[in-house]
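Presented below is the structure to which this report refers.
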Amino acid sequence: MSESATLEVREVSAGYGAVPVLRGVTITAQAGTITAVLGANGAGKTTLLRVIDGSIKPSQGQIWLDGANLAGRRPENVSRAGIAHVPEGQGVITELTVAENLQLGLLLRPRSERSAALADIYNRFSVLADRRSKAAGTLSGGERQMLVIARALATDPRVLLLDEPSLGLAPKIVRDVLDLISQLKTDTGLTIILVEQNARSALAIADLGIVLNLGSVVATAPAGQLAADEALRRHYLGF
Amino acid sequence: MVEFLEFTLQGISAGMIYAAIALSLVLIWRGTRVLNYSQGALAMLTSFIALEIEYRTGNYWFAFVGALISGLIIGGAVERLVTRQVINKPPLNAVIVTIGLLIGIEGLAGVFFGGNNRSFPTPFSPVGLSIGSVALGITRNDIFIAGAVLLAAGLLAVVFQYTSIGLRLRATAFNLPVARLLGVRVGGMLTLGWALAGLLGALAGMLVSPSTLLSPNSMDTIFVLGFTAAVIGGLESPGGAVVGGLILGIVLSYAGGYLGSEVVNLFGLAALLLVLMLRPTGLFSSAPARRV
């Protein structure tokens, strides 16, 4: 596993065509921590992750990872720089088998590391090991979420971006997924940026919380402090 | 019975050529959702290149390899220089661009190579084989055609199924945004897909030109029949393309043999219409019906 790294987003503005979505957003995700990005629908959470992963070019601002500014790089190059994005709606390639989805992630590693990394993944995600030869499209929602997280880990990332990993999952599975994310931080020291509608659950496992509203950062604080701020919770987080 | 066997074997040989064109269309469709109407014209162009090489060297196999290499290069160049510009545009743009390519390539071929039919060499004897006094209705060249297409299809299947390049190609075809997020250089994969399609088209051109003769428009009918085979196979399925080509080849061979050669093209178009009306997803695709 590669060493984790600090990701800094500085004064980033971006949008879709002429429609601005992010306005001068600055966040710092410290190495080996979970940063929860929260906010209502349309706040710009998903857009922020898409700017970081290179899918959207920012109109201004910088994205720094270990001394390199990634702003404006293509997604494939951002991925090669060590940022893995698990997109909203999961992003399983349903036509490939479970094993092929994982092998695709492993292609970013040196050939000599691949089989050991795959064995590690199967060890951590036993449900995937059991279904390795099945088409990924046959997996349940929870299993698909495990697969895309496992596939992201297969790329040997330094920063993991997770967009709504609990979306559409049963409450029990949501707990399992969030436990997994928390465990990943402990086991691997990954830097994780977690976008989540379920603010209460996200803050429960995060180190830092960031609240976006209409494309701007309105609060940045330790997760526990945010969770305790009743006015902020009511106004922006809905719990 | 001998006649039936003869028509069947001839159908398999012709069907393999339709299968090669169908495979090339499927490769491009899966990767870019573009139906390349210029695929036949590209095959014609590489066949003319091969013919020039053959004239200059007197060696069929130099010409054969030259055609395949030029197919690779031209196919890749068309993707990089032309069709990439319309990939995220409305589907009609790609249709018009590839039809424009078809017209442009055929026009240029007429200018550079002339509009007359030109004979094309075969690597093996075109004399019919027989067992004792019973003529089989096929030639050594027909066997070469079937073998070459099966070998190409087999090699492609191995590359797609068992190599990392094949995995990247499939990932790009199935889900391009996710492939990019996993570090796949999708631009290169799209170019490679078109290049491989160009190679298959070149192979089809080399195999069919001895029987159709070569002219700027000589691949038009073959393209339509290859397209029909691809539609029968479902457009998504390489295996379906091969089976679709075989079905079409055999059906047309029976139609031509029993009813007369003048009905062959009519039957080809009727087969296309029937499949589009009754099972627009083709026989081997589980994808939702396409709008046609």
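The values are calculated or read from the model by the stated rules, or taken from the named source; none is laboratory data. If you're wondering where the values come from, they're calculated on a predicted model, not measured in any experiment. Glycine also receives a Cβ, built like all others from the backbone with ideal geometry; neighbour counts cover every protein chain displayed.
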Exercise. Tell me, yes or no, whether segment B:243-263 has at least one residue that is at pLDDT 90 or above, outside any helix (DSSP H, G or I), in contact with a Phe, Trp or Tyr (Cβ under 8 Å, 6 or more places away or on another chain) and within 22 Å of B:R140 (Cα to Cα).
Key: no
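Yes or no, residue by residue, for (1) buried (at least 24 other Cβ atoms within 10 Å of the Cβ); (2) modelled with pLDDT of 95 or more; (3) at positive phi; (4) within 14 Å of chain A (Cβ to nearest Cβ):
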| position | (1), (2), (3), (4) |
| --- | --- |
| B:G166 | no, no, no, yes |
| B:A204 | yes, no, no, no |
| B:V208 | yes, no, no, no |
| B:T212 | no, no, no, no |
| B:P238 | no, no, no, yes |
Quiz prompt | Residue list for segment B:168-199, restricted to those being away from chain A (no Cβ under 11 Å) and farther than 24 Å from A:V98 by Cα | solution = B:T191, B:L192, B:W194, B:A195, B:L196, B:A197, B:G198, B:L199
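Pick out the one residue from A:G39, A:G24 that is within 15 Å of A:G209 (Cα to Cα) and either of a type outside the set (D, E, K, R) or over 12 Å from the mean Cα position of the chain (by Cα) (or both).
After ruling out the rest, the residue left standing is A:G39.
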Quiz item: In the set A:E100, A:E143, which member is surrounded by 15 or more Cβ atoms within 10 Å (Cβ to Cβ), within 14 Å of chain B (Cβ to nearest Cβ) and of a type in the set (D, E)?
Solution: A:E100
Self-check item: Tally, over segment A:112-133, of residues that are more than 20 Å from A:V177 (Cα to Cα) and of a type in the set (D, E)
Solution: 1
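Go through segment A:188-239 and count every residue that is assigned to a strand (DSSP E or B), buried (at least 17 other Cβ atoms within 10 Å of the Cβ) and of a type in the set (A, V, I, L, M, F, W, C).
Total meeting the criteria: 10.
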Practice problem: Go through segment B:137-151 residue by residue and tally those that are out of contact with any helix residue (DSSP H, G or I) (no Cβ under 6 Å at 6 or more places or on another chain) and either within 24 Å of B:G240 (Cα to Cα) or part of a strand (DSSP E or B) (or both). | Solution: 7
Quiz item: What are the residues in segment A:49-96 that are at positive phi, in contact with a helix residue (DSSP H, G or I) (Cβ under 9 Å, 6 or more places away or on another chain) and more than 14 Å from chain B (Cβ to nearest Cβ), if any?
Solution: A:G61
Quiz item: Any idea which residue in segment A:2-36 is modelled with the lowest pLDDT, counting only those that are on the phi > 0 side of the Ramachandran plot and not in a strand (DSSP E or B)?
Solution: A:G17
Quiz item: On the given criteria, is A:S133 part of a helix (DSSP H, G or I), hydroxyl-bearing (S, T, Y) and free of Cβ contacts under 8 Å to residues at least 40 places away in the same chain?
Solution: no
